[in-house]
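The next block holds one structure in the form of structure tokens; read it before the comments.
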Amino acid sequence: MNGKYSLIGLLALFGLLMLAGLIRIMTAEQRPYAPRTSAVAAVPHKPAEYPEIFDVDPLEGLDSATAGVAEGLYPHPPPPLSPDTWPCSSCHQAGTFSRDRRDLSMHSEIVLKHGPKERWCLDCHDFQDRDSLRLASGATISFDASYQLCGQCHGTTLRDWRAGIHGKRTGYWNGAKRYMLCVSCHYPHEPHFKALKPLPPPVRPEFYRPEPAKRAAALKAAKFYGPAPGATASKEHH
Amino acid sequence: MLGLPEGTCPSGGAPCGTGGEPPPAPGESLTTRREFLAISAGFVVGLATAGCTKEEVEAFFQRNFRELSPEEVKKTVARLEAGYEKRFSRKTTVSIEPAQEGVVFGYGLDLSRCIGCRRCAYACQKENNQSRDPQIQWIRVLQQERSKGVDLEGATPYYDAETVPQEGMTYIPVACQQCAHPQCTKVCPVGATWQEPDGIVVIDYDWCIGCRCCMAACPYDARRFNFGEPNIPPAEYNPDTHYLGNRPRPQGVVEKCTWCIQRVRKGRYPACVEICPVGARKFGNLLDPESEIRKIMDQKRVFVLKSEMGTDPKFYYFYTM
């Protein structure tokens with residue numbers, strides 16, 4: 001007798017559990033779609049959010065700058081000289097300052113992280129003519145040709161840059177290109193490339209499913225041969 | 001139903017279909033040519049009466065791009081341009097610029113420069129009219145541990161950080177490798193994807209049936225499928241398009257990187273090359289010994305991903321430091 005009741009009780013419990021499970025499964029679809037992890041990962045970011053990066057025309061001025069110029073001569077942007085201190089000769093007249101190595105009272109914004117123990121301003125800047133740079137040979141060059149100065153130590157990089165292996169170029173793969181100078185990307189007093197904030201990660205596949213409202217709008221906008229969105233309805237080809 | 005009187009053919013007027021004709025002889029096709037023509041003609045008339053526009057009927061019967069005659073190409077391009085203009089309210093050009101003579105493109109990527117900033121992926125999205133939501137990106141920038149070298153199994157594209165490069169990590173962007181022996185084109189059952197003479201593997205989006213065999217065949221996960229209706233806000237639309245490249249795609253087709261075919265066939269660099277802030281991306285003609293890519297191949301030790309697959313990619317990775 002006892003065994004019979006316990007069997008009935010077990011069966012009833014089993015049935016109740018099954019019923020609860022079924023109800024749970026049947027109502028699950030009506031629950032709103034919940035992302036598996038944080039909402040951040042589900043947001044599809046797009047290039048239009050970063051106009052400062054993507055609204056720059058890399059061709060701007062290139063065609064006019066290279067018109068009539070022999071092949072092999074490519075323009076580069078001017079070196080990024082600080083307008084606060086350029087030209088240097090406005091303060092540095094010949095003989096005004098000592099050439100001795102010392103702690104400077106001016107130019108405190110310049111922190112040399114480019115071999116600071118071995119290097120001193122006048123290794124690169126010319127003492128007599130401050131608006132020029134000075135090579136190890138004693139020759140002076142303009143700031144536009146600073147790559148020659150960099151190439152004294154970084155010879156392999158200069159070779160790669162001339163061949164187009166190092167450095168960024170924009171324009172035409174079979175024609176005019178805009179080169180970048182070393183100093184366009186590497187601040188000469190601290191040349192290590194600055195860390196950047198990355199753009200947001202892509203959306204994981206489990207978040208591909210768009211919201212129903214967005215999906216309906218996309219389908220409506222994609223009606224290929226229908227009237228343009230917002231335009232008055234007119235069917236010409238029927 | 002087909003817009004025809006019951007029991008008559010559009011040409012001839014003889015009764016067709018049930019009863020009148022003898023059963024087909026063994027070896028003969030079950031449908032005679034005459035019946036087939038009648039059915040297709042009826043189908044066209046039926047489509048027209050069902051409220052389809054002339055363009056929709058033409059689009060339905062549009063053939064593979066490689067089979068179109070020059071006149072048909074012109075007509076198709078005009079129809080597409082009109083359609084896109086209507087949809088995006090922008091004057092659109094759909095270029096059919098063919099491959100240049102004596103050009104095979106190659107791509108170089110300096111892994112010692114890449115910092116994983118993902119600007120390439122978003123510039124590509126903008127240039128190539130990829131869907132914004134649901135999001136599609138052709139370029140995937142993978143982050144991996146520096147100590148493991150190139151570690152595709154352990155790499156992740158979903159890294160998030162305040163600044164990059166992160167300590168002890170390296171980055172490897174992967175998109176279509178434009179293989180010289182592509183597997184994706186081999187498996188396509190309808191011939192909707194093929195390699196162009198300049199080495200770019202392209203897709204005819206109107207011929208693709210969306211079976212995704214090519215996605216399974218690609219060892220580089222370079223192809224993307226439009227599971228949803230692609231969504232590009234008209235303000236962000238790039239109207240300078242190519243038939244085999246960045247023209248807007250319909251739902252249910254596969255798409256992939258074409259090295260900006262609309263740009264490079266006009267001599268320009270791809271968009272990812274021009275946006276890269278560290279100049280890690282290099283592009284040029286493999287047949288020109290003076291090109292940047294050839295200089296890289298001559299002077300640096302380049303490698304390709306998954307060389308054991310025998311796909312022979314034209315996307316070369318290298319280190320300079």
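Here the range A:170-211 is the region considered, the condition is being within 7 Å of chain B (Cβ to nearest Cβ) and among the charged types (D, E, K, R), and the residue that is surrounded by the most Cβ atoms within 10 Å (Cβ to Cβ) is A:Arg204.
Look at the range B:157-180: where a residue is acidic (Asp, Glu) and a partner is part of a loop (DSSP other than H, G, I, E, B), sitting 6+ places away or on another chain with Cβ atoms under 6 Å, you get B:Asp160/A:Pro201. A search for C-beta distances below 7 Å between a residue of the range B:294-319 that is within 21 Å of B:Gly279 (Cβ to Cβ) and any residue that is basic (Lys, Arg), counting only pairs 6+ apart in sequence or on different chains, returns B:Ile296/B:Lys282; B:Phe318/B:Lys300; B:Phe318/B:Arg301.
Taking the conditions exactly as written (touching a residue at least 12 places away in the same chain (Cβ under 8 Å), within 26 Å of B:Gly284 (Cα to Cα), touching a Gly at 6+ places or on another chain (Cβ under 9 Å) and within 14 Å of chain B (Cβ to nearest Cβ)), does A:Trp161 satisfy them or not?
yes
Of B:Asp288, B:Asp221, all but one fail to be within 9 Å of another protein chain (Cβ to nearest Cβ) and part of a loop (DSSP other than H, G, I, E, B); the exception is B:Asp288.
Taken as a whole, the structure places B:Cys120 among residues that are over 18 Å from B:Lys306 (Cβ atoms), at pLDDT 95 or above and in a helix (DSSP H, G or I). Considering the range B:32-66, the residues that are outside any helix (DSSP H, G or I) and of a type in the set (A, V, I, L, M, F, W, C) include one that is modelled with the lowest pLDDT, namely B:Ala50. Note on the range A:102-115: residues that are among the basic types (Lys, Arg) and surrounded by fewer than 10 Cβ atoms within 10 Å (Cβ to Cβ) total 1. The residue of the range B:136-169 that is surrounded by the most Cβ atoms within 10 Å (Cβ to Cβ), among those that are at pLDDT below 95 and of a type in the set (Val, Ile, Thr), is B:Ile136.
For the range B:291-313, taking the residues that are in a loop (DSSP other than H, G, I, E, B) and away from chain A (no Cβ under 14 Å), the one that is surrounded by the most Cβ atoms within 10 Å (Cβ to Cβ) is identified as B:Pro313. Of the residues screened, B:Lys86 is one that is assigned to a helix (DSSP H, G or I) and either touching a helix residue (DSSP H, G or I) at 6+ places or on another chain (Cβ under 8 Å) or within 13 Å of chain A (Cβ to nearest Cβ) (or both).
Conditions tested, residue by residue: (1) outside any loop (DSSP other than H, G, I, E, B); (2) in contact (Cβ under 8 Å) with a residue 60 or more places away in the chain; (3) more than 22 Å from the chain's Cα centre (by Cα).
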| residue | (1), (2), (3) |
| --- | --- |
| B:Glu71 | yes, no, yes |
| B:Val77 | yes, yes, no |
| B:Gln125 | yes, no, no |
| B:Gln143 | yes, no, yes |
| B:Val150 | no, yes, yes |
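Scanning the range A:100-120 for residues that are outside any loop (DSSP other than H, G, I, E, B) and over 25 Å from the mean Cα position of the chain (by Cα) turns up nothing.
Condition check: charged (D, E, K, R), within 19 Å of B:Ala280 (Cβ to Cβ) and either more than 14 Å from chain B (Cβ to nearest Cβ) or buried (at least 16 other Cβ atoms within 10 Å of the Cβ) (or both). Does A:Arg134 satisfy that? For A:Arg134, the condition - charged (D, E, K, R), within 19 Å of B:Ala280 (Cβ to Cβ) and either more than 14 Å from chain B (Cβ to nearest Cβ) or buried (at least 16 other Cβ atoms within 10 Å of the Cβ) (or both) - is not met. A Cβ distance below 7 Å, combined with a sequence gap of six or more or placement on separate chains, defines the contacts here; from the range A:52-69, residues that are more than 15 Å from B:Arg268 (Cβ to Cβ) reach residues that are at pLDDT below 75 and surrounded by 12 or more Cβ atoms within 10 Å (Cβ to Cβ) in the pairs A:Ala65/A:Pro75. Scanning the range A:106-128 finds one or more residues that are among the small types (Gly, Ala, Ser), out of contact with any Leu (no Cβ under 7 Å at 6 or more places or on another chain) and under 17 Å from A:His189 (Cβ atoms).
With respect to A:Leu149, determine if the residue is at pLDDT 85 or above and either closer than 18 Å to A:Val183 by Cα or assigned to a loop (DSSP other than H, G, I, E, B) (or both). Yes; evaluated as a whole, the condition is true for this residue.
The values are calculated or read from the model by the stated rules, or taken from the named source; none is laboratory data. Keep in mind it's a predicted model, so treat the numbers as computed, not measured. Positions of Cβ are backbone-derived with ideal geometry, glycine not excepted, and every protein chain shown enters the neighbour counts.
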